[in-house]
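Asker: One structure, as C-alpha cells, below. Some questions next.
Every number here is computed from the coordinates shown, using simple stated rules; none is lab data. Please read all numbers here as calculations on a predicted model, not as lab measurements. Because the Cβ atoms are built from the backbone with ideal geometry, glycine has one as well, and the counts that use them run over all protein chains shown.
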Amino acid sequence: MSGSGPGRRAASTACAVSLAAATLLLFGACASAGTSNTPPASVPATAPSSLPVSAGAVGAWGDTDDATAPSLSLAADGTLAGSDGCNRLTGRWEDEGGGRIEFDDVASTRMACEGVDTWLSALDDATIDGDTMTVLGDDDVVIGTLERTG
C-alpha cells in the first residue's frame with residue numbers, strides 16, 4: 001500500500017508547516033514595508049483619491065424596500081448597488097463636482113419583467129439637488145428621479 005501511512009502523513013504535515021511559515025514571512029515583510037504614514041518624496045502629500053469627494057451622494061435613493069421600485073445605494077468607497085425595479089445593478093460612481101456624479105462600469109442582470117419600467121438601467125450621470133437625484137441617460141437626457149431615503 002504505497003501512498004498512505006505515517007511516513008506520507010509526516011511529509012504532508014511538514015509541507016503544510018513549511019508553506020504556512022513561508023506565507024507568514026511573506027506577509028510580515030509586506031506589512032513592515034508599508035508602516036510609514038509619510039508618502040515617498042515622489043508622491044505629493046495631496047495625491048488625488050480615487051474615492052468620491054462628496055459624502056452628499058452617499059446613501060440610499062429610491063424605495064430600497066420595494067423590489068419593484070427603482071433604487072440605488074451609493075457607498076462611500078465609490079461602489080453602487082441597486083435595482084431598476086426588475087434587474088439588479090452594480091457598478092461604480094464618481095463625484096464630478098457641482099452636484100453631479102458619473103456612473104461607471106455599471107452591470108445589470110437582464111431579466112424580462114412584464115409591466116416594469118426599467119428606465120434606471122439606462123443611467124449614465126446624475127445631478128443631486130438637496131434630496132432629489134435626477135438621473136440622466138445618454139446625451140444628458142433626463143430619464144427619471146430618485147428621492148433620498150437614507
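Asker: Using the per-residue mean of other Cβ atoms lying within 10 Å as a proxy for protection, in what order, highest first, do the peptides 68-81, 96-109 fall?
Answerer: Per-residue Cβ counts within 10 Å, averaged per peptide and sorted highest first, yield 68-81, 96-109.
Asker: Per residue, how big is the convex hull of segment 55-147 when only Cα atoms are used? Give it in Å³.
Answerer: Output value, Cα hull per residue: 87 Å³.
Asker: Between ALA75 and THR145, take the C-beta separation as r, use R0 = 30 Å, and let me know the FRET efficiency to the nearest 0.05.
Answerer: Approximately 0.90, to the nearest 0.05.
Asker: Only Lys, Arg, Asp and Glu count, each charged at its Cβ (+1, +1, -1, -1), so figure out the dipole size of segment 102-150 about its Cα centre, rounded to 20 debye.
Answerer: 280 debye
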